[in-house]
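K.L.:
This is the structure, below, for whatever I ask next.
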Amino acid sequence: MSVEVWTWIVVGLTFALYIYIAMRQRARDTEGFYVAGHGVPAVANGMAVAADWMSAASFISMAGIIAFLGSDGSVYLMGWTGGYVLLALLLAPYLRKFGKYTVPDFVGDRYYSQTARIVALVAAIFVSFTYVAGQMRGVGIVFSRFLNLDINVGVFVGMAIVTVYAVTGGMKGITWTQVAQYSVLIIAYLIPAIAIASKLTGMPIPQLGFGGVLDDLNAIQTDLGFGAYTDAFSSLSTLNVLFITIALMTGTAGLPHVIVRFYTTKTVRDARWSAGWALFFIAILYTTAPAVAAFAKTNLMDTVSNQSYEQVKAENSWFGSWEETGLLSFDDKNGDGIINYQAGDGNELTVDRDIMVLANPEIAGLAAPITALVAAGGLAAALSTASGLLLVIGSSIGHDLYTKVLKRGTTEAQRLRAGRIAMAGGVLVAGYFGINPPGFVAEVVAFAFGLAAASFFPVIVLGIFWKKTTKEGAIAGMAIGMTFTFVYIVMTAKGLLGMDPWFFDISPQGIGTVGMIINLVVTYGVSKISKEPPAEIQELVESLRIPEVASAYLKEGKA
Amino acid sequence: MHGREVEAVDQAIKDYWRRNVRLKLILLSIWAFVSIVLSILMIDVLNEASIGGFPLGFWMAQQGSIFVFVVLIFVYAKTMDRYDTELEATLQGMSGGNA
C-alpha cells in the first residue's frame, strides 16, 4: 500500500482515538471545562504539557532550523526548555495555590483592578491568536504534503476535529487527548531518529551517536564555504544568542496557554512534579532533534554535494519526490550537471528546512507506515497546541470578559455555554488565519514570546514575590513593556516594516528580553511611588506561599 | 490560639518561606550558570575540550543544559516535598493535638 493510503489509515485511527477520549472525558461544568476539575495526575499532566508545548514547528521544523544554524540552534533548544525551570520554581505552584481558572484571573485579582484584568485578557488573546494561526496552517501543510489535499481543505479538517474534541471536552477532554497526542508524536519522532542514527553510526541512541558525525560534518561544511557546524556564533552574534535565549526562556514562562496547564493538577505539590515530568517528556524530543539535525545534514551533504544531478536522482527516490513538492530545488547555474551546494552566490541547491524531518523516514529507507506515522505525529503536535491555545482564547472571552468583566452569566449552564461558544468562535477565526496567513507568520514566534516575556512574566513573578507591587505599577509595566516590544518587532521584522534592528543590533526575536527588563524597572518604580496594595491583597500574596496543610492550621487558629 | 502560639506559627511559616527562597536562589543560579555562562558566554572556551566526539561547549549548549534543567526541577520538587512535610510536623507539634 502506498504512503498515502497508509497515511489515511493511521491519521484516521489517531483522530478516532482523540474523539473517543474527548467523549469519555466530556466537561460537564465550568471547573471541568477550564481546569479539568483539578483532577489530573502529575505524570499525565506532564505529558499533556509536553504535547501542548511541542507544536507543528517543534515537530517538523526544529531539526531543520538547527541543521542550518548549527551550534547557534541552541537558542531554540535552551530557549524552549529553560523556561520550565522558571515555571516550576517561580510560577506554577503559586498559581495552582491561587486556584482560579485563567491568567487574567490572577492578574485581575492580585492587582485588584478590572483595568489590569482587561489588559491581561487582551494580551492573552493577541498572543494566543498569533500562535494558533500558525498551528492551523501547520495542519493544512501536513495534509497537503502527505495526502495531496489542498491546504485549505486540510485546515477545515483540522478545525472540525478540534471543534469536536476541544469544544465538547473542554480542558478535561483536551488534557487527556493531549496525553494520547504526546504518545503518538514521540513514537513518530523517535522511530525515524533511531533508524537514521543506526544507519549512519551503528548506534541506535541518537543522543549518543551524534558525536560521531560531527568531525565529518564540520569538514564538509568548511570545504563548501559554510562555517563549521559546531562553531558558536557563526549564524548569530553573541549578543543575539544571549538575548534571544533569554527572551524565549522568560517568554515560555509567560505564555498563558502554558501557565494554565498547571491549574489542572490535583495539588500544589503535583504542580511542581508535573513541571518536572513535562520537561522530561519535552527533553526526549528536544535532545533527539539536534541529533536528527546533524545526521540529516551530514546525509544530505554526503549524498548530493558535487555529485551528478541525474545520478543522485536515479539513486535516491526521495530526491525526486521532494523536488516535486518544492522542498528541494536545483538550479544548474554553471550548466555542468553537477550539484554545487555551497555558501554564497554560486549555490545551486535550495533546501527547505522541513525536509529534515519529513523526508527522514524515506532517506533512512523506512517502510510506508512509518512515514504515515510521521504525518500523524505532526498533526498530533499541531492539534494539541492548537487546542491549548483555543482554550485560552475561549476562557479569555467566555470567562474573563463575559463572566468577570461584563458580569453576565449567572448560572453554571450559562457560563459553560459562554465558554463553548467563545471557543468555537476562536476556532473559526483561527481557521480563517490558517487559510489566509498574515505575511508575518514566521515572526509569530517572536511576537508571542516577546510579548509574553515583556508583559506577563515580570508582572506575575513580581506579584507573587513582592507584596508591595501595586496595580499602577503592574498596569504601567505591562503597557510600556508590551508597547516597546510590539513596536520594535513591527519595525524590524522582515515580514513587516523590515528596518534595521536599531537597539544595539538586537534582532526582533531577542527584543523581548529588553521589554521584560523595561517592564520590571517600570513596575518596580511605579509601585514604589503609588499607594500600597490593600491589606487583604497582601494577605492573599502571603497565602499563596504556604502549602495547603499550613493554611488549614491557620484557619483553625483563627476560628 | 494564644498570642504566643500565633507568633510561633508565623515564625514557622516565615522560616519555611526563607528556606524555599534560598533553595530557589541556589537552583536558579545553577540554571543561569549552565545556560548563560557555560553555554553562551564561555562556549568557545569550553569547545577547546571535547566529550565523546562532541566539542564540550557545543554539547553543553545543545544537550547538557537540557539534562541539567530536568534534574533541577526534580530536585526542587523533591526538596519542597521535604520542606512541606517538615512544616506540617512543626505545626502539628505546636497545636499539640488541638487540630
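K.L.:
Over the stretch A:444-547, calculate the relative contact order: mean separation of alpha carbon pairs under 8 Å at least 6 apart, over the residue count, as a percent. Kindly include the intermediate steps, with their values, before the conclusion.
P.N.:
On the way: 146 pairs, mean separation 44.9, N = 104.
Once normalised by length, the contact order is 43 percent.
K.L.:
Cross-link partners among aspartates and glutamates for residue A:199, C-alpha distance below 18 Å, same-chain residues fewer than 8 apart left out?
P.N.:
Filter leaves A:215, A:216, A:302, A:315, A:362.
K.L.:
Would you mind checking the pairs A:172/A:266; A:100/A:172; A:471/B:24 and listing those with alpha carbons more than 19 angstrom apart?
P.N.:
Table pairs above 19 Å Cα-Cα are A:471/B:24.
K.L.:
Apply the membrane-span-like helix rule to chain A: whole DSSP H runs, Cα extent along the own long axis of at least 20 Å, mean Kyte-Doolittle hydropathy at least -1.0. List the helices found.
P.N.:
Flagged H segments are A:3-24, A:114-147, A:168-201, A:238-252, A:268-304, A:368-395, A:412-435, A:471-492, A:511-529.
K.L.:
Carbon and sulfur together cover what percent of the accessible area of the protein assembly as shown at a 1.4 Å probe radius?
P.N.:
Answer for the protein assembly as shown: carbon and sulfur cover 62 percent of the accessible area.
K.L.:
With θ set to phi - 60°, apply the Karplus curve 6.51 cos²θ - 1.76 cosθ + 1.60 along the stretch A:349-357 and write out the HN-Hα couplings as whole Hz, x wherever there is a Gly or Pro.
P.N.:
Going residue by residue, I get 10, 10, 10, 7, 4, 5, 5, 4, 9 Hz, with x marking Gly and Pro.
K.L.:
Provide a whole-number value for the mean count of partner chain Cβ atoms within 10 Å of the Cβ atoms in peptide A:81-88.
P.N.:
6
K.L.:
Roughly speaking, what is the centre-to-centre gap between the stretch B:1-27 and the stretch A:423-476 when only Cα atoms are used, to the nearest Å?
P.N.:
Distance between centres, Cα-based: 35 Å.
K.L.:
Provide the buried accessible surface between chains B and A in square angstrom, both chains summed, 1.4 Å probe, rounded to the nearest 100.
P.N.:
On the way: alone 7300 and 21080 Å², together 24030 Å².
Interface between B and A: roughly 4300 Å².
K.L.:
At a 1.4 Å probe radius, which order do A:521, A:164 fall into by accessible area, largest first?
P.N.:
These residues rank, largest area first, as A:521, A:164.
K.L.:
Ignoring ligands and nucleic acids, what accessible area does residue A:215 show with a 1.4 Å probe (Å², nearest 10)?
P.N.:
110
K.L.:
Run the numbers on the stretch B:1-23: which residues show a drop of 30 Å² or more in accessible area, chain on its own versus all protein chains together, using a 1.4 Å probe over heavy atoms?
P.N.:
B:1, B:13, B:16, B:17
K.L.:
Would you mind counting up the charge near residue A:398? Only other residues with Cβ under 15 Å from its Cβ, with Lys and Arg at +1 and Asp and Glu at -1.
P.N.:
Combined, the nearby Lys, Arg, Asp and Glu give +3.
K.L.:
Can you give the accessible area of residue A:416 in Å² (nearest 10), computed on protein heavy atoms with a 1.4 Å probe?
P.N.:
That residue has around 20 Å² of solvent-accessible surface.
K.L.:
Still on this structure, please answer the following. To test your reading of the geometry: what angle, between 0 and 90 degrees and rounded to tens, separates the Cα axis of helix B:3-32 from the longest principal axis of chain B?
P.N.:
0
K.L.:
Could you compute the FRET efficiency for residue A:479 and residue B:85, with r as their C-beta to C-beta distance and R0 at 35 Å, rounded to 0.05?
P.N.:
0.25
K.L.:
Going by a 1.4 Å probe on protein heavy atoms, which residues of the stretch A:226-261 end up with at least 30 Å² less accessible surface in the whole assembly than in their chain alone?
P.N.:
Going by heavy-atom accessible area, the residues of the stretch A:226-261 that drop by at least 30 Å² are A:230, A:232, A:233, A:242, A:249.
K.L.:
For the pair residue A:203 and residue B:23, how long in nm is the line joining their label points, each one 7 Å along Cα→Cβ?
P.N.:
Each label point is offset 7 Å from its Cα along the Cβ direction, giving 3.6 nm.
K.L.:
Separate question: So what's the gap between the Cα centers of the stretch A:141-180 and the stretch A:292-334, to the nearest angstrom?
P.N.:
32
K.L.:
Hey, another quick one. Using the crude model of +1 on Lys and Arg Cβ and -1 on Asp and Glu Cβ, and no other charge, please compute the dipole size for chain B relative to its Cα centre, in debye to 20.
P.N.:
60
K.L.:
Report the charge-dipole magnitude of the protein assembly as shown in Debye, nearest 20, computed about the Cα centre from +1 at each Lys and Arg Cβ and -1 at each Asp and Glu Cβ.
P.N.:
Its charge dipole is roughly 3040 debye.
K.L.:
Oh, and also: Can you spot the lysines whose alpha carbon is less than 29 Å from residue A:333's alpha carbon? Ignore those fewer than 8 places along the same chain.
P.N.:
Straight-line reach from residue A:333, under 29 Å: A:297, A:313, A:494.
K.L.:
Restricting to DSSP H runs of at least four residues, report the calculated mean residue ellipticity at 222 nm for the protein assembly as shown, -39500 (n - 2.57) per run over all residues, nearest 500 deg cm²/dmol.
P.N.:
When only DSSP H runs of four or more count, the value is -22500 deg cm²/dmol.
K.L.:
Counting only residues 5 or more places away or on other chains, whose amide H sits under 5 Å from the amide H of residue B:50 once H atoms are built in the peptide plane?
P.N.:
Placed amide hydrogens put B:56 under 5 Å from residue B:50.
K.L.:
Follow-up question, since we're still on this one. Along the charge dipole of the protein assembly as shown, pointing to its positive end and built from +1/-1 on Cβ of Lys, Arg, Asp and Glu, which listed residue (A:403, A:158, A:328) has its Cα farthest out?
P.N.:
A:403
K.L.:
Just need the relative contact order of chain A here, percent rounded to a whole number, with Cα pairs under 8 Å and 6+ apart.
P.N.:
Rounded, it is 27 percent for chain A.
K.L.:
Follow-up. Only Cα pairs under 8 Å and at least 6 apart count here; give the relative contact order of the stretch B:3-93 as a rounded whole percent.
P.N.:
RCO, the stretch B:3-93: 32 percent.
K.L.:
Residue separation times 0.36 nm, minus the C-alpha to C-alpha distance between residue A:548 and residue A:325: what's the value? Working shown, then result.
P.N.:
Values: separation 223, 0.36 × 223 = 80.28 nm, distance 5.63 nm.
Between residue A:548 and residue A:325, full extension yields 74.7 nm more.
K.L.:
Over the stretch A:444-547, with the other protein chains present, what is the accessible area per residue in square angstrom, probe 1.4 angstrom?
P.N.:
Working: 4170 Å² over 104 residues.
Accessible area per residue, the stretch A:444-547: 40 Å².
K.L.:
Could you state, as a whole-number percent, how many of the C-alpha pairs of the stretch B:3-93 are farther apart than 21 Å?
P.N.:
Here the long-distance tail beyond 21 Å is 50 percent of all Cα pairs in the stretch B:3-93.
K.L.:
Sticking with this structure for a sec: Given a 1.4 angstrom probe, what's the average accessible area per residue across the stretch B:3-93, in square angstrom?
P.N.:
Working: 4420 Å² over 91 residues.
That works out to 49 Å² for each residue.
The values are calculated or read from the model by the stated rules, or taken from the named source; none is laboratory data. Since we're looking at a predicted model, the values are computed, not measured. Here Cβ is always computed from backbone atoms with ideal geometry, including for glycine, and neighbour counts include all displayed protein chains. Heads up: the accessible areas ignore ligands, DNA and RNA and are worked out on the full protein's heavy atoms, side chains in. Shrake-Rupley method; radii C 1.70, N 1.55, O 1.52, S 1.80 Å.
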